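Only one structure is covered here, and it is reproduced in the block below.
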Amino acid sequence: MTKQDNCIAIQRWMVEHGKTVSTAESCTSGRIAASLTQISGASDYFQGGIVCYQDELKVRFLGVNPDDIRQFDVVSQPVVEQMVRGACQLFHTDFAMASTGYAGGGMNGIPDGTIWVGWGSANDVHSLVICKDNGREVNTENAVETVLSSMADWLVHQK
């Protein structure tokens with residue numbers, strides 16, 4: 001499915017089930033939220049999003065544990081999963097999607113193109129890592145498409 005198809009599938013599911021979603025983004029810089037809101041009717045289920053590029057903001061607004069950032073790096077499974085939970089709490093939503101990564105300019109031994117994406121509810125978070133460097137723009141778009149596709153596929157199995 002295309003990115004637009006996945007956004008439509010997410011919207012339909014959310015509206016049919018009376019649920020809401022939010023986003024917490026770092027390396028995707030609001031592109032997940034922008035993709036969702038390109039579809040007319042997004043205000044029926046999309047509550048809002050936050051771009052937390054700096055670690056301090058992930059800690060302050062999303063409740064990411066700073067010890068996990070130090071231990072695992074900001075580009076890690078524990079951090080992206082905390083971002084999903086934090087977005088659900090911050091925006092009072094049923095579900096959220098999140099991203100954190102090095103779209104270009106890897107650090108701390110983590111290569112360019114390493115991006116963690118997460119999706120789910122505060123009590124049921126899923127994540128995966130993308131490790132492919134095709135340049136900053138393509139890496140970012142790939143992360144957006146991956147998290148939207150993963151969320152749409154996951155929702156099909158929810159009640």
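Quick look at the values:
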| quantity | calculated |
| --- | --- |
| Residue match in the stretch 57-73 (condition: closer than 18 Å to Ser149 by Cα, among the charged types (D, E, K, R), in contact with a strand residue (DSSP E or B) (Cβ under 8 Å, 6 or more places away or on another chain) and open to solvent by less than 50 Å² (accessible area, probe 1.4 Å)) | no |
| Failed item in (1) open to solvent by 20 Å² or more (accessible area, probe 1.4 Å); (2) at pLDDT 95 or above; (3) of a type outside the set (Val, Ile, Thr), with Gly135 passing the rest | (2) |
| Every pair of residues 6+ apart whose Cβ atoms lie under 7 Å, when the first sits in the stretch 16-28 and is over 9 Å from Ala96 (Cβ atoms) while the second is part of a loop (DSSP other than H, G, I, E, B) and open to solvent by 30 Å² or more (accessible area, probe 1.4 Å) | Lys19/Asp94; Thr20/Asp94; Ser26/Tyr53 |
| Check on Gly41, over 15 Å from Ala87 (Cβ atoms) and either in contact with an Asp or Glu (Cβ under 7 Å, 6 or more places away or on another chain) or touching a residue at least 24 places away in the same chain (Cβ under 8 Å) (or both) | yes |
| Sole residue being within 22 Å of Ser150 (Cα to Cα) and more than 16 Å from the chain's Cα centre (by Cα), chosen from Gly41, Gly120, Gly48, Gly101 | Gly41 |
| The lone exception for Gln47 - which of (1) open to solvent by 30 Å² or more (accessible area, probe 1.4 Å); (2) free of Cβ contacts under 8 Å to residues at least 40 places away in the same chain it fails | (2) |
| Boolean, Gln82 is open to solvent by 20 Å² or more (accessible area, probe 1.4 Å), in contact with a helix residue (DSSP H, G or I) (Cβ under 7 Å, 6 or more places away or on another chain) and either β-branched (Val, Ile, Thr) or under 12 Å from Thr100 (Cα atoms) (or both) | yes |
| Sole exception among (1) in contact (Cβ under 8 Å) with a residue 60 or more places away in the chain; (2) aromatic (Phe, Trp, Tyr); (3) touching a helix residue (DSSP H, G or I) at 6+ places or on another chain (Cβ under 9 Å) for Phe91, by number | (3) |
| Residue match in the stretch 106-125 (condition: surrounded by 19 or more Cβ atoms within 10 Å (Cβ to Cβ) and assigned to a helix (DSSP H, G or I)) | no |
| Selection count, the stretch 90-105, where residues are within 24 Å of Trp13 (Cα to Cα) and either surrounded by fewer than 14 Cβ atoms within 10 Å (Cβ to Cβ) or not β-branched (Val, Ile, Thr) (or both) | 9 |
| Answer residue from the stretch 126-140, given it is part of a helix (DSSP H, G or I) and closer than 14 Å to Thr100 by Cβ and is farthest from the chain's Cα centre (by Cα) among those | Asn139 |
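The values are calculated or read from the model by the stated rules, or taken from the named source; none is laboratory data. Computed from a predicted model, the values in this text were never measured in an experiment. Neighbour counts run over all protein chains shown; Cβ positions are idealised from the backbone, glycine included. Accessible surface areas use protein heavy atoms only, side chains included; no ligands, DNA or RNA. Shrake-Rupley method; radii C 1.70, N 1.55, O 1.52, S 1.80 Å.
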